[in-house]
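Below you'll find the structure, written out as structure tokens, and then a few comments.
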Amino acid sequence: MLTDPYLTVYEDWNSWGYFSLSFRVTSAEGKVFFLRKYQLDWTRNSPTTHTIAPGEKYLLKVDFQPKVWPGIITMKGTKTDFQLKAVFNEPSPEKLKIPMNPDVWAGHVVSSPLLVHIRFPRKLTNPYPGTDLEDFTKIAE
């Protein structure tokens, strides 16, 4: 995310910012997958923020491990070339129904598409038996 004014967003290690980043992935066959993170049990949690200066980029390292991004498993079996868009969504305080820092930006932004090649391991299994992984591919853009 490249900013013009200063923007403050919640950091992704806490429950306020953990779900802000998701992905819209389109396979070579045209099938669309929406990837989001798996729910965590929060043992330590605090609404810490990161301020992005004008012209600064906000970069997050993403490792599509099935324990974090279980919807990735539903993509196995499709061709390995995909178009990927990052979706960054900070809901408004009213939508979350929790007290939030009024200085934190609320909004929705989608990146330009990026063509990626994903190599799936031979053994890619559901890390959460009994969980419907399709639930992790359904989000609104």
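The values are calculated or read from the model by the stated rules, or taken from the named source; none is laboratory data. Quantities reported herein were computed from a predicted structural model and do not represent experimental measurements. Every residue, glycine as well, gets a Cβ built from its backbone with ideal geometry; the counts of neighbours run over all protein chains shown.
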task: Confirm whether Glu134 is at pLDDT below 85, within 19 Å of Val32 (Cα to Cα) and surrounded by fewer than 13 Cβ atoms within 10 Å (Cβ to Cβ).
output: yes
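Just to verify a result, which residue in segment 40-68, among those that are in contact with a Gly (Cβ under 9 Å, 6 or more places away or on another chain) and not polar (S, T, N, Q), is nearest to Arg24 (Cα to Cα)? It would help to see each step written out before you state the result.
Of the residues in segment 40-68, the ones in contact with a Gly (Cβ under 9 Å, 6 or more places away or on another chain) are 47-50.
Restricting the remaining residues to those that are not polar (S, T, N, Q) gives 47, 50.
Values: Pro47: 26, His50: 24 Å.
Across segment 40-68, the extreme among qualifying residues is His50.
With the structure loaded, tell me whether Thr51 is over 21 Å from Trp16 (Cα atoms) and either modelled with pLDDT under 80 or surrounded by 12 or more Cβ atoms within 10 Å (Cβ to Cβ) (or both) or whether it fails that test.
Details: over 21 Å from Trp16 (Cα atoms): no; either modelled with pLDDT under 80 or surrounded by 12 or more Cβ atoms within 10 Å (Cβ to Cβ) (or both): yes.
No.
I need the full set of residues from segment 54-81 which are exposed (fewer than 11 other Cβ atoms within 10 Å of the Cβ) and modelled with pLDDT of 75 or more, in order please. Spell out how you get there, then give the answer.
We begin by selecting, within segment 54-81, every residue exposed (fewer than 11 other Cβ atoms within 10 Å of the Cβ); these are 54-55, 57, 59, 61, 63, 67, 77.
Of everything in segment 54-81, those that are exposed (fewer than 11 other Cβ atoms within 10 Å of the Cβ) and modelled with pLDDT of 75 or more turn out to be Pro54, Gly55, Lys57, Leu59, Lys61, Asp63, Lys67.
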Only one of Leu35, Leu40, Leu7, Leu84 is loosely packed, with under 15 Cβ neighbours inside 10 Å and among the aliphatic types (A, V, I, L, M), namely Leu40
